[in-house]
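One structure below.
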Amino acid sequence: MKTYLVTGVAGFVGSRLAAMILERGDAVVGIDSLEDGEGAILREHRLQDLLPWPRFRFHRMNILDFQALDDLMARERFQAVFHLAAKAGVRQSLVDPWTYLRVNADGTLNVLEAMRRNGGTRMILASTSSLYAGLPLPFSEDAAVNTPISPYAASKKAAEAMAYTYHHQYGISVAILRYFTVFGPSGRPDMAPFRFIESVRQGLPVVVHGDGGQTRDFTFVDDICRGTLQAEALGGYQIVNLGGGKEPVSIRQFLEWIEELVGRRAIVRHEPSHEADMRETMADIRKARELMDWSPRVDVRQGLVATVGWHLRRLPAWRIAS
């Protein structure tokens, strides 16, 4: 049995990743600050699903607390570190860029330095397709991502760069995974899939920024987690896209599928596009196929069936901020 550290274990992707590690028979030590405003309720909900596992241990910990990280890694020996703890959200990063830089850049440095001091050899780092803003489609890992248009993207670029430094100087193997619009059950409440489903379900206005023709390379959470687990086998320093890899889906089409699955028409309220939003995203996933034999198995509509089902079965009506 192997033991893994998962940072951000109560997050959307982190909690599902931890469950998949436990389901295959390995052990997880999970850390999370559980500080996420309105989303804290959902973090507690996800954590409660993990706590019954005997091979799961949880520490409430902020990755900005270097001493706590260092002490944990001095006590434990991890097969690998899945570093998913981050401050997410493009638009909010324009409001509070300082927190994004601290958590995503300084926090990643803390994890890397604690690994270096205590013999850690392998990190899988969650990054973002937001780095590709303004570049030609489909987005390839070879693109020079030097023009981030949000503090969130800039902070994740800083995390990637620091990870390379620790690979180069100290031999830590790093797999950087750029996720493309992850959705699924228990998703982030600030993201469109969660907000759209809850708004339609409750008969509330659905806020659509722009004309709805913008497209996203939606990727189901189980596919993201499967690829994240497979990335453990990568050596050296690799950057790999994890995305749908097919024809991106428009926001308008996505909402129409939600209407069909919920059984209710949406009350759509259009607002201007946000300056930090990307018009289109589309992943080139050839590298994931070649290096990891990975491609998504769940198409967008299949994933929506599971996601809407979770909302209707398990989630009480969620307050949607205006």
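The values are calculated or read from the model by the stated rules, or taken from the named source; none is laboratory data. Being a predicted model, the structure only gives us computed values, none of them experimental. Here Cβ is always computed from backbone atoms with ideal geometry, including for glycine, and neighbour counts include all displayed protein chains. The protein model used for the area step is the full one, side chains on, heavy atoms only, and it has no ligands, DNA or RNA in it. Shrake-Rupley method; radii C 1.70, N 1.55, O 1.52, S 1.80 Å.
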*Per the helix-only calculation at 222 nm, which mean residue ellipticity applies to the chain, given -39500 (n - 2.57) for every DSSP H run of n ≥ 4 and division by its residues, nearest 500 deg cm²/dmol?*
-12000 deg cm²/dmol
*Setting aside same-chain residues fewer than 8 positions from K157, which aspartates and glutamates have a Cα under 15 Å from its Cα?*
D106, E141, D142
*How large is Rg/Rh for region 220-322, to two decimals, with Cα atoms and a Kirkwood Rh?*
1.03
_What does DSSP give for the chain in terms of the percent of beta bridges that are antiparallel, rounded to the nearest 5?_
5
*Which order, highest average first, do 180-190, 123-133, 56-66 follow once you tally other Cβ atoms within 10 Å for each residue and take the mean per peptide?*
123-133, 180-190, 56-66
_Dimensionless Rg/Rh of region 171-219 - Kirkwood Rh, Rg from C-alpha atoms_ = 1.14
*In terms of Cα to Cα distance under 19 Å, which lysines are near enough to K156, apart from those fewer than 8 places away along the same chain?*
K87
*What size of dipole, in debye to the nearest 20, comes out for region 1-71 about its Cα centre when the only charges are +1 on Lys and Arg C-beta atoms and -1 on Asp and Glu C-beta atoms?*
380
*Hey, got the Cα dimensions of the chain along the principal axes, in Å, largest first?*
55, 44, 38
*Label zone at E76, where the point sits 7 Å out along the Cα-to-Cβ direction: region 1-29 residues whose backbone N lies under 14 Å*: 2-10, 15, 18-19, 21-22, 26-29
*Which percent of the accessible area of region 181-315 is formed by carbon and sulfur heavy atoms (probe 1.4 angstrom)?*
48
*With label points built 7 Å along Cα→Cβ from the Cα atoms of S250 and Q202, find their separation and express it in nm.*
2.8
*Give, rounded to the nearest 20 debye, the magnitude of the charge dipole that the chain has about its Cα centre when Lys and Arg contribute +1 at Cβ and Asp and Glu contribute -1 at Cβ.*
560
*Accessible solvent surface per residue of region 14-56, calculated while the other protein chains remain in place, 1.4 angstrom probe, Å²*: 42
*asked:* How large is the translational diffusion coefficient of region 249-300 in µm² per second when you combine the Kirkwood radius over alpha carbon pairs with Stokes-Einstein at 20 °C and 1.002 mPa s?
replied: 150
*Kirkwood Rh and Cα Rg combined as Rg/Rh, region 1-102*: 0.98
*Debye intensity ratio I(q)/I(0), log10, region 193-242, q values 0.26, 0.27, 0.32 Å⁻¹ (C-alpha model)*: -1.02, -1.06, -1.18
*Find the percent of Cα-Cα distances in region 54-194 that exceed 28 Å, and round it to a whole number.*
21
